[in-house]
């Protein structure tokens, strides 16, 4: 995929990364959702790419937003009508939040059904909000990021409000290196 197109999707994803705080607050049983950033972090600068993943940094006086983004290698059904799907992991220094996992499916999700993410033998269930799937807790976010760092591929199964379920397969080649770039940029220690 062209870098410009991936960058445009990454910027869109950055905006989406902060959007579901209100819904997350209702659905996260063990902790409060992070606050929505009060200021636009500004334009994103590329930090580099590794394998299927690209890393970005956006910054303003309030803080930094660092994120990695990728698009699926395969999507089924191939003829599904949807915007491009993407996976992201985001850190936001202003809110002291790291490892926020999200999967933008490119269509309105059936919010009464979980989105399932398989990474090797591990299976994770995420809640659906609009067109994006989110982990219910920060601990689950961290566990998913650890699995993504060790895995070869992630398979995401989601159900739209209308139409047939989709399956997206993401390569995890380069994920750890791209994650290292955003960890360094936002001061996240592992």
Find how many whole Å separate the alpha carbon centroid of the stretch 83-115 from the alpha carbon centroid of the stretch 130-190.
8 Å
Using r as the Cβ-Cβ distance of residue 188 and residue 125, and R0 as 25 Å, what FRET efficiency do you calculate, to the nearest 0.05?
0.50
Sorted by Cβ neighbour density within 10 Å, fewest at the top, the residues 136, 92, 190:
190, 136, 92
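Throughout, read-outs are computed from the coordinates displayed, never taken from laboratory work. Owing to the predicted nature of the structure, the values given are computational and were not obtained by experimental measurement. So basically every Cβ, Gly included, is an ideal-geometry build from the backbone, and we count neighbours across all protein chains shown.
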